[in-house]
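The values are calculated or read from the model by the stated rules, or taken from the named source; none is laboratory data. A quick note: this is a predicted structure, and the numbers were derived from the prediction, not measured. Cβ atoms come from the backbone with ideal geometry, glycine included; neighbour counts cover every protein chain shown.
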Amino acid sequence: MSWTEEYQKRVVTAAEAVKAVKSGDRIFLTGNCSVPTTVLAALVDRAQELENVEIDQALTIGSANYVSPEMEGHLRVNTMFISHNTREAVHAGRADFTPVLLSEFPLLFKDKHLPVNVAFVHLSPPDEHGYCSFGVEVGLSKSAAESAELIIAEVNDQMPRTLGDSFIHISDIDYIVPVDYPLPELAMGDGKPSEKVEKIAQFIAELIPDEATMQMGIGAVPDAVLKYLYDKKDLGIHTELFSDGVIDLVEAGVITNNKKTLHPGKIIAGFILGTKRLYEWVHNNPLIEFLRTEYVNDPFVISRNHRMVAINSAIEVDLTGQICADSIGTKLYSGVGGQLDFIYGASRSKGGVPIIALPSTAKDFSRIVPTLKAGAGVVTTRNHVHYVVTEYGVAHLYGKTIRERALALINVSHPNFREDLKKQARELHYI
């Protein structure tokens with residue numbers, strides 16, 4: 001039987017496909033800008049017939065009515081990264097959160113810590129050999145999908161065909177739901193950055209050497225940094241994700257990847273978050289290799305890139321250098337993501353530059369604090385931290401005593417809080 005005949009045999013409607021889901025099943029849901037919305041909507045429509053179906057995911061973009069109160073007892077989300085569309089449900093107890101390093105997320109499924117009954121994935125149309133690409137979200141999805149007993153795939157005419165370890169043959173798919181709709185877009189640099197963000201970006205740019213390989217986390221600061229790099233030479237990319245800003249630096253000849261010590265000549269990533277421009281740019285682009293996150297985010301793989309620069313954000317930093325990035329006190333906010341993977345990987349890199357960046361204040365509160373809030377999660381430990389950057393400068397903490405750290409962090413805090421921070425540091429016997 002030819003692959004085209006196999007393809008046609010597997011084509012069903014979304015409603016027909018989700019009939020394969022049984023009560024008590026665990027579903028892996030492809031996320032980021034690749035949520036298979038047609039199949040997911042069909043599952044929501046059928047939810048009242050089901051009991052105790054678990055949906056495992058990371059960050060998802062778009063609406064999330066599958067975590068609405070009406071789904072209780074029928075569908076329950078277990079998320080490994082709390083995005084804005086699931087946060088209220090997690091806080092209300094209608095959804096669960098499982099902490100895990102991004103590098104280990106796919107291994108939860110691959111190694112059967114969370115055995116998957118059904119995977120919902122979102123793919124490109126097949127090529128002439130019958131292979132579909134996972135498109136804009138490869139890293140978190142491929143291993144999880146391969147570990148599932150059953151795969152339900154939306155095959156979208158508008159999903160780009162991305163290259164690397166990104167393919168699945170139609171013979172490995174159980175149900176195919178053909179769709180044709182635009183992917184959701186996330187403009188990372190949407191709007192003019194604040195003056196704080198601009199200053200932070202400028203300080204970070206000064207830390208980035210020529211021939212560096214870069215990782216950029218999610219947020220305004222990593223995106224703003226890109227526009228201050230046009231005087232750099234032969235930069236490379238090894239990152240869990242990137243967005244539209246990379247395109248301009250490639251076209252300007254700044255990002256060449258030529259001096260990378262691992263995968264020279266290639267941009268390495270697990271997934272992308274961006275706009276239609278980015279989706280069109282990555283389509284069949286041999287410059288970019290999408291690989292599994294358990295490889296891309298492995299700190300010991302990352303460390304093989306010389307001059308590895310990692311740029312990540314924080315919610316608050318205490319005077320010893322502990323970094324909270326996933327909660328506000330006891331209230332869970334996001335997740336560890338790839339921060340520790342890349343901070344540690346960059347710290348082990350020859351000439352590496354691990355950076356935590358944050359504005360000095362949030363509303364009227366200092367984000368540099370004597371001690372973290374009660375119950376706050378430590379994402380990057382005081383043992384891993386190297387550079388902390390605010391709009392007031394750079395605090396270099398690695399190899400420094402608690403006294404030196406406290407003074408350095410106070411120096412990059414907002415001036416309105418420095419005297420109080422010094423007073424509390426003395427009370428804590430830090431200085």
- Item | Pair list, Cβ under 9 Å, 6 or more apart: the range 395-419 residue outside the structural domain of residue 380 (by TED's automatic domain parsing), other residue modelled with pLDDT of 95 or more and outside any helix (DSSP H, G or I) | none
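Restricting to the range 315-348, name every residue that is in a loop (DSSP other than H, G, I, E, B) and surrounded by 24 or more Cβ atoms within 10 Å (Cβ to Cβ).
Correct list: 319, 321, 325, 335, 337, 338.
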- For the range 83-108, what are the residues that are among the small types (Gly, Ala, Ser) and surrounded by 15 or more Cβ atoms within 10 Å (Cβ to Cβ)? 83, 89, 95, 103
- Task: Answer with yes or no whether residue 234 is in contact (Cβ under 8 Å) with a residue 40 or more places away in the chain and either over 25 Å from residue 61 (Cβ atoms) or among the acidic types (Asp, Glu) (or both).
- Result: no
- Are there any strands (runs of 3 or more DSSP E) wholly within the range 97-157 with 3 or more residues that are in contact (Cβ under 8 Å) with a residue 60 or more places away in the chain and either farther than 19 Å from residue 271 by Cβ or of a type in the set (Gly, Ala, Ser) (or both), and if so which? 150-156
- Message: Test of understanding: among 307, 292, which residue is more than 18 Å from residue 386 (Cα to Cα), at pLDDT 95 or above and crowded, with 22+ Cβ neighbours inside 10 Å?
- Response: 292
- Condition broken by residue 222, with the remaining ones in (1) buried (at least 21 other Cβ atoms within 10 Å of the Cβ); (2) at pLDDT 95 or above; (3) closer than 28 Å to residue 294 by Cβ; (4) within 23 Å of the chain's Cα centre (by Cα) satisfied: (2)
- Message: Please determine whether any residue of the range 250-258 is without any contact (Cβ under 8 Å) to a residue 60 or more places away in the chain, under 27 Å from residue 350 (Cβ atoms) and assigned to a helix (DSSP H, G or I).
- Response: yes
- When you scan the range 1-27, how many residues do you find that are out of contact with any helix residue (DSSP H, G or I) (no Cβ under 8 Å at 6 or more places or on another chain), outside any loop (DSSP other than H, G, I, E, B) and of a type outside the set (Val, Ile, Thr)? 6
- Return only the number of the condition from (1) among the hydrophobic types (A, V, I, L, M, F, W, C); (2) within 26 Å of residue 62 (Cα to Cα); (3) crowded, with 19+ Cβ neighbours inside 10 Å that residue 255 does not satisfy. (2)
- Item | Filtered residue count, the range 15-72, keeping only those that are β-branched (Val, Ile, Thr), closer than 30 Å to residue 275 by Cα and over 27 Å from the mean Cα position of the chain (by Cα) | 1
- May I ask you to say which residue of 60, 162 is within 26 Å of residue 380 (Cβ to Cβ) and surrounded by 21 or more Cβ atoms within 10 Å (Cβ to Cβ)? 60
- Exactly one of 209, 160, 193 is closer than 17 Å to residue 281 by Cα and either in a loop (DSSP other than H, G, I, E, B) or free of Cβ contacts under 8 Å to residues at least 60 places away in the same chain (or both), and that one is 160
- Query: Within the range 74-112, can you find the residues that are of a type in the set (S, T, N, Q) and within 18 Å of residue 24 (Cα to Cα)?
  - Reply: 78, 79
- Task: Would you point out which residue out of 39, 35, 21, 53 is aliphatic (A, V, I, L, M), over 18 Å from residue 117 (Cβ atoms) and surrounded by 20 or more Cβ atoms within 10 Å (Cβ to Cβ)?
- Result: 35
- Message: Just to be sure before I move on: is residue 371 in contact (Cβ under 8 Å) with a residue 40 or more places away in the chain, closer than 20 Å to residue 200 by Cβ and surrounded by fewer than 18 Cβ atoms within 10 Å (Cβ to Cβ) in the structure I sent?
- Response: no
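Mind telling me which of the residues 279, 230, 295 ends up being of a type in the set (Phe, Trp, Tyr), closer than 20 Å to residue 354 by Cβ and either outside the structural domain of residue 369 (by TED's automatic domain parsing) or not in a strand (DSSP E or B) (or both)?
Testing whether each residue is of a type in the set (Phe, Trp, Tyr), closer than 20 Å to residue 354 by Cβ and either outside the structural domain of residue 369 (by TED's automatic domain parsing) or not in a strand (DSSP E or B) (or both) leaves just 295.
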- Index of the failed condition, residue 177 passing every other in (1) in a strand (DSSP E or B); (2) under 23 Å from the mean Cα position of the chain (by Cα): (2)
